[in-house]
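Below is one structure, written out as structure tokens; comments come after it.
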Amino acid sequence: MNSWDELLSPYKQAVEELKVKLKGVREQYQKSSNHTPIEFVTGRVKPVSSILNKAARKKISFDHLEQEIQDLAGVRIVTQFVEDIETVVELIRKRTDFEILEERDYIIEQKPSGYRSYHLIIWYPVQTIQGEKKIQVELQVRTLSMNFWATIEHSLRYKYSGEIPDEIGRRLIRASEAAFKLDEEMSIIRDEVREAQELLMAKRHQQDIN
């Protein structure tokens, strides 16, 4: 147990630090007049049982866990709209307190299961009593509807021990498509509301001039 605590302690630290930083970005947007692209932020360190299952499945030894498992630490950034995902990704790309190793766009190229999300693997420096340690952290950026679908799908997959029946799998894919269409429709509605607001403001401004 001490070995696991020692291994995962820097990852817990990284998750907490990143949550604070990203929530700070959200608060800055909230205090400005701009739309807030971040709805909420969560994070976790992979449970030991999940690490062991993944290591056994991929035949990874304990000594190589940190090199070969990129999601020991995970932070999830949830947005309201699909367009917000690109805004958040750009914010992440501009940061200088960590380095992006890899990006995976599962929104344009969704997984066969129907899963959609934007993933970034970063090198994050953690300050420890032994000095600086760079660790891999997975950042997931997704909309509320994508997050809802992924949460339910994960719960069902756990219930069926990873072997979801084919018919349920097909229905989950259809549900994923419906969720994405909902995202698109909500974006259209937002744009129409904005246009209506701008027209109303222009009309009021013209009335004030007259």
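Laboratory data are not the source of any read-out in this text; all were calculated from the coordinates shown. Fair warning: this is a prediction, and the values are worked out from it, not measured in the lab. Cβ sites come from the backbone with ideal geometry, for glycine too, and all protein chains shown count toward neighbours.
Karplus-based coupling profile of region 146-161, in residue order and whole Hz: 4, 5, 4, 4, 5, 5, 5, 4, 5, 5, 5, 4, 5, 4, 9, 6, with θ = phi - 60° in 6.51 cos²θ - 1.76 cosθ + 1.60 and x standing for Gly or Pro. Which of the three applies to region 2-189, rounded, prolate or oblate, going by the alpha-carbon gyration tensor with a ≥ b ≥ c and a/c under 1.5 meaning rounded? Cα axes put region 2-189 in the oblate bin.
Listing ASP183, ASP5 from the residue with the fewest other Cβ atoms within 10 Å to the one with the most, what is the order?
Fewest-to-most ranking of ASP183, ASP5: ASP5, ASP183.
Build a GNM of the chain with springs between Cα atoms under 10 Å apart, and of ILE77, ILE107, ILE164 the one that fluctuates most is ILE164.
Mind checking the angle between helix 48-58 and the chain's longest principal axis? C-alpha axes, 0 to 90 degrees, to the nearest 10. Computed tilt is about 80 degrees. Axis angle, to the nearest 10 degrees, between helix 166-209 and the longest C-alpha principal axis of the chain: 30 degrees. Full extension of the chain between GLU99 and ALA175 gives 23.9 nm of extra length, using 0.36 nm per residue less the Cα-Cα distance. Each peptide in 27-40, 142-155 gets a packing score, the mean of other Cβ atoms within 10 Å over its residues, and the list from highest to lowest is 142-155, 27-40.
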